[in-house]
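Remarks on the structure that follows.
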Amino acid sequence: MEFCNTKYVDILENRRKEWSNLSFMYREISPVLSYRHHSITSPEKHKENVLNSSKIQELIKKVYQESNVSEIKLEKDIGFILDEIGFEKELTVVRWLGWTLLKLYLKGLQGILVNECLVFNLRSIMGNCPVIFVPSHRSYVDFTVMSYLCFHYDIELPAIAAGIDFKGMAIFGKLLRQVGAFYMRRSFRDTDFLYWQIFQQYIEDIMTKGHQPIEFFIEGTRSRTGKSLYPKLGLLSMLLKPYFTSEVPDILFVPVNLSYDRVLEERLFAFELLGVPKPKESTKGFFRSLRYLHQDYGNVYVTFCSPISAADYFSSKIDRSVHNLQPKHAMEFTNKEKNLISQFAVEIVDNQQRNSTITFSNLIAAVLLNGYSNNKTVTLNEAEKDVLSLKSMLNALGANIFSSKFDEDLKNVLEIHKNLFCLHERTLQLVKNHEKLTYTAAERLKGHNFLETTMNYSVPFILLQEYVNPLMYFCINPSLIVCILKSKHFIISKADVFGEFTFLRSLFSYEFVGIKREQLDFENCWCKLKEFEVISYNNNVDTNSVVGKNTMLISLFDKLMEPFFVTYYIVASVVQKEDEISEKSITEESQALLEELLNEDKTFINPYILSLNSISNCIFSLSSIGVITRIKIKSSVIYRVNYQKLAELLSRLRNYVQLISSTSIKEESNELKLTSKF
C-alpha cells in the first residue's frame, strides 16, 4: 500500500489470517536494544543507582542538617518515591496484555498502517546511544499502539512516561508499570523539591545506564482539537541533560505521527473543549469504554520520521565543555541552551505534523464545514469536485494523503462516522442527534455554564472541527494569505501581504505550532496559490495582488480561519474591560459573549469559537506579545493590560471581522456586535 511515495504496511493483515494469535505473541524474541552496555541494568538496579548517587546522597545530608530528619527515614521516603515512579518489565504480562490489545485492535480497527521502511532503518542504527520515541498525542490508544509496534518489530519495549493518574487505576496501574510505564506527577517542581530531584536522577540513570528506548509525549497531554499542542520542555530538558554534560555521545529523537480515521475519545473531547471536566482515569471507566469498541474506527496511520540527532542539532550551537567546571548533578542550563531546547521542541512537533496522514475523513469534514459556513447544501457531485480540488492543493503543499476513489472512500467514511456524517437525498449532512452528557454542576465547569441548547447545537460542529483541524498545518499559510487579501478593500502589494502574514503567524504561534520560517513558507505558499489561481495580479504586476478565480479554495481557506479570528477578537475585547483580570474571568466572559453571538446572529458562525483551547492559546499569545502581562500574587495569577498594545491589536484584528450594530460587546464606549466577515 503506497501513498505520497511511501510504502505503508498493515501490520494487522497477517494477524487476521491466523487461526490463533497466541503463537505470534508467544514467539521467541530477541529485541534490538536502544543503547548497548556491557550488562543489562534491571528496573530495581536503576532505583538502587538513584539512591546511591552522589546527588541524592548529598541531598540526604542537606535535608538532614536543615530539618533534623534522620537519614534512615529520608532513605525510606526516597525508596517510596522511587517505587511510585519506577517502571518494571514482566515478559509474561507483556505477552498477555499484547494479545489482549491485539484482539481489541482486530475488533475495532480496519488496520494499523506503518511506514515500516523507516522502522527497519531505525533498527539498523540503534545500539550506540539512547533512543527517544516522541509520538504525537491524540488518544490513549497512542501508547498502546507504540508498544505493540515495538513488540511486532522486535524492538525493546520503551520505558514510557505516564501521568500519575494511571497509577491509581485498580489492576491497570500495576499492569501498565509491568509493561514499561514509569509514573510522573503532573506538577511538582514548585511544591516538592525532593521529588523533583529524585525524578531528575531517575531519568538520568535510565538514560545513561538503561538499554531500552524511552517514550514520552512532548505535548504533555492529549490534544482535544486534532491540532498539535505547544510542546512542554520539562521532561525534554531532563532527557537532554546527559548529552549536555557529555555522559552520552548522542541522543536520537524519533518523532512519530499517529493519525486516525476516527478518534476513540472524539465525543468526550468535544465536551471537554466546552468546559466539561475530563473523566477521571479509572478501571471502571476503561471497562465502560469497551462498549464502544464494536464500532468501526477505520485505520490508524503510524509514520516514523527520520531520527533527529541531538549532536547534529546542538554541537555547532553550544559548548558542552562549560559544564565540566562543576559536578554533573549540579549542572544548570544556560539561557542560550534553554532557548535552543525550546526551538528543538518545536522542531520535533513540526516533524510530527509534517509527517501526518491526511485522511478522507479530514477532506470531507473540511468540504462539509465550508458548505455550512456558506449556508449552502453540499451535494454528492459538489462534494466530489471539492474534495478533488482540495486534495490537489494539499498534495502541492506537501501533505501525505490517504485517499483513493471518491465513491469507495465516501462509503467507508459514512460507515466509520455514521455518528457524524450522513447522506440525505444525495446531499451530505451533519448528524445532530448526539447522545447528551449527564448533568455537570456549574462549579465544576472549566468555563462558562452554557445553555443546554447551546451545548446540543455546538457539539456536532466541534466534532466536525476536530477532523478539519489536522489540515491546518498545511492550510494555515494559504488561509492567512487569502484572509489578508480579502480583508483589504483595495489592491495590496505582495510585500505588504508578507508584513501582515508575519504578524499573524506570530499572533497564532500557540494556535498553530511550527518552525519560524516565515519568508520561505510565504514564498512557497505564494507560488502554489498562484498556480491554483487562488491569488492573481492586476495587470500582471506583483504590487497589485488580489484574490483569484478559484472560488472554492478561496472560500475554504477563508472559512478555515474564521473561528480563530472571532475568538481572538472577542478575548482581546474582554481583556480591555479591566486593568487587571484573572484567566478564569477572561475565559468565562469570553465564552459568555461568544455564546450570545452564536445564539443571536442570523448568519452561520462556527461553534468552535467556544473552544477553551483557542481561548487559552489566545491568552498565552497575548502574554507573549506583551498585550497582557502575567503576574503571580501568592497562589493566584492575574493579567495586567497594556492598553496601547491592546488598542493596536484590536485595530488590526478588526480588519478580519465585521462589526454591525446591536451587541453585547463594549469597545471604545460603542455597542457592537461581531459576526464573520468571511
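Every number here is computed from the coordinates shown, using simple stated rules; none is lab data. Since the model is a prediction, treat every value here as computed from it, not as a measurement. Positions of Cβ are backbone-derived with ideal geometry, glycine not excepted, and every protein chain shown enters the neighbour counts.
Odds and ends about this structure:
- Mean separation of Cα contacts under 8 Å, 6 or more apart, over the residue count of the chain: relative contact order %: 13
- Environment charge of Val627, counting only residues whose C-beta is closer than 11 Å and scoring Lys/Arg +1, Asp/Glu -1: +1
- Rounded to the nearest 0.05, the FRET efficiency derived from the C-beta distance between Ile29 and Asp83 at R0 = 35 Å is 0.80.
- Paramagnetic label zone (point 7 Å from Cα along Cα-to-C-beta, Lys338; backbone N under 20 Å) in the stretch 504-524: 510
- Multiplying the residue separation of Glu523 and Leu106 by 0.36 nm and subtracting their alpha-carbon distance yields 145.6 nm.
- Shown here for the stretch 1-91: GluC sites (Glu not before Pro) in loop regions (DSSP other than H, G, I, E, B) with at most 15 other Cβ atoms within 10 Å, namely Glu18, Glu28.
- Gyration tensor verdict on the stretch 141-267 (Cα atoms; rounded if a/c is under 1.5, prolate if a/b is larger than b/c, oblate otherwise): rounded
- Counting DSSP beta bridges with both ends in the chain, the antiparallel % (nearest 5): 65
- Computed label-point distance, nm, for sites Glu44 and Asp319 using a 7 Å Cα→Cβ extension: 4.7
- Phi-derived couplings, Karplus 6.51 cos²θ - 1.76 cosθ + 1.60 at θ = phi - 60°, listed residue by residue for the stretch 493-508: 7, 4, 4, 5, 4, 5, x, 5, 4, 4, 4, 5, 4, 5, 4, 9 Hz, with x used for Gly and Pro.
- Label corresponding to semi-axes √(5λ) of the Cα gyration tensor in Å when calculated from the structure given, among (1) 48, 29, 21; (2) 42, 31, 26; (3) 95, 38, 20: (2)
- Positive minus negative residues near Thr359 (Lys, Arg vs Asp, Glu; Cβ under 10 Å): -1
- Angle of helix 472-487 to the longest C-alpha principal axis of the chain, folded into 0 to 90 degrees and rounded to 10: 30°.
- Cα centroid of the stretch 291-343 to Cα centroid of the stretch 240-269, whole Å: 8
- Nonlocal amide H pairs with Val378, under 5 Å, H built at 1.01 Å: Leu428
- Cβ-derived FRET efficiency at R0 25 Å, Lys577 paired with Asn449, nearest 0.05: 0.80
- Exceedance of the 24 Å cut-off in Cα-Cα distance is limited, within the set Lys385/Lys528; Lys103/Lys174; Lys232/Lys391; Lys103/Lys227, to Lys232/Lys391; Lys103/Lys227.
- Using just its DSSP H runs of length 4 or more, each adding -39500 (n - 2.57), the chain gives a mean residue ellipticity at 222 nm of -15500 deg cm²/dmol after division by all residues.
- Euclidean distance of C-alpha centroids, the stretch 12-68 and the stretch 120-181, integer Å: 12
- Qualifying trypsin sites (Lys or Arg not before Pro) in the stretch 1-105, where qualification requires a DSSP coil assignment and no more than 13 other C-beta atoms within 10 Å, comprise Arg27, Arg36.
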